[in-house]
Every structure is written in structure tokens, then in C-alpha cells.
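One structure is given below, encoded as C-alpha cells.
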């Protein structure tokens, strides 16, 4: 059974260990360098809203935050990561549902937005399956210096299932 709670200081060592390589860290935290220090992730969390973990049997299984929250309008989903031992088991869907609820109830957001990198096909399909629709794109440079595309996606929270 999954549970949701606010991330605490002790969680960030495990969260920092979740990305298994530089690509995964880039998807979760594009400004970070692999391996990312726990203190850097915690510092970022302090500047965001609702840093959230999902636990299973007391173990941190997933993490994400909200940022650029415009109360009554929109919120952006960021820093999304699922622990490697918990992938493809439903925790990502549970976490996304929890973050939709938090954005909608705590911040009265009408829409949830995110940016997904074109090189992260699995995440793109996951978000699309959960109702997110692409609406814009911008070019950016990844940690290798390669040009990639960040695809902006959104979901109207009034249409939550």
C-alpha cells in the first residue's frame, strides 16, 4: 500500500541515489550534475511547493515537487523520479494522482503542466496515458551539449478521472 507525505531532510540521501545515471538525473533535475548531492536536491525543494514522497512499506518509492505555482491557475510538476526497485508497479500513477489532488485542492490549480524531454519516450507515453496533452516545445541543451526538445504538456484538473 502506498502513502503520501511531505519530503523531510532524511529522505534526500535516498532521493539523490534514485537516478541510476546522468540521463535519469537530467530528466529529474536538468541543472544537476551526476551524481547529485542530497543537499542540492534539498535546497531546490526548499524553493518549491509540496516536495512529496510516496512510500511503500515505509520505504521511499517516489519523489516530486510543484513549482511556478499560480494559485487558482496552474502548477508545474517537477523533479519526478521513481526508485528503480519500484518502477512499473503503479507507484508513478499513484504519485501523479496525489500531485493532481494536491495541486487542485491546496493551490486551486485548474491545470497541471510539465516539461518532458523528447529523449524520455517512456515518460512521454506515461504522461500521455494519464491525460497530459502536448501544447508547446522548446529547444534546449542537455548535459552532453546535445540539442534536445522539451515538450510542454498539460492536463486540466477539472477533468480529473
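One table, with the values for the structure above:
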item: Within region 113-161, considering residues that are under 15 Å from the mean Cα position of the chain (by Cα) and in a loop (DSSP other than H, G, I, E, B), the one farthest from residue 77 (Cα to Cα); result: 120
item: Residue among 109, 13 that is over 14 Å from the mean Cα position of the chain (by Cα) and surrounded by fewer than 19 Cβ atoms within 10 Å (Cβ to Cβ); result: 13
item: Segments classed as strands (runs of 3 or more DSSP E), wholly inside region 1-112, with at least 1 members that are farther than 24 Å from residue 152 by Cα and out of contact with any helix residue (DSSP H, G or I) (no Cβ under 7 Å at 6 or more places or on another chain); result: 2-6, 49-56, 59-70
item: Cross-chain or 6+ apart pairs with Cβ under 7 Å, region 1-27 first and free of Cβ contacts under 8 Å to residues at least 40 places away in the same chain, then in a helix (DSSP H, G or I); result: 9/42; 12/38; 12/41; 12/42; 13/38; 16/38; 16/41
item: Enumeration of residues in region 28-57 that are under 15 Å from the mean Cα position of the chain (by Cα), surrounded by 13 or more Cβ atoms within 10 Å (Cβ to Cβ) and either free of Cβ contacts under 8 Å to residues at least 40 places away in the same chain or at positive phi (or both); result: 32, 41, 42, 44, 45, 48, 50
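The rows are residues; the columns are (1) free of Cβ contacts under 8 Å to residues at least 60 places away in the same chain; (2) closer than 18 Å to residue 48 by Cβ.
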| residue | (1), (2) |
| --- | --- |
| 85 | yes, no |
| 95 | no, yes |
| 99 | yes, yes |
| 106 | yes, yes |
| 121 | yes, no |
| 138 | yes, no |
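Quick note: the coordinates plus some simple rules give every number you see, no bench work behind them. These numbers come from a predicted model, not from an experiment. Every residue, glycine as well, gets a Cβ built from its backbone with ideal geometry; the counts of neighbours run over all protein chains shown.
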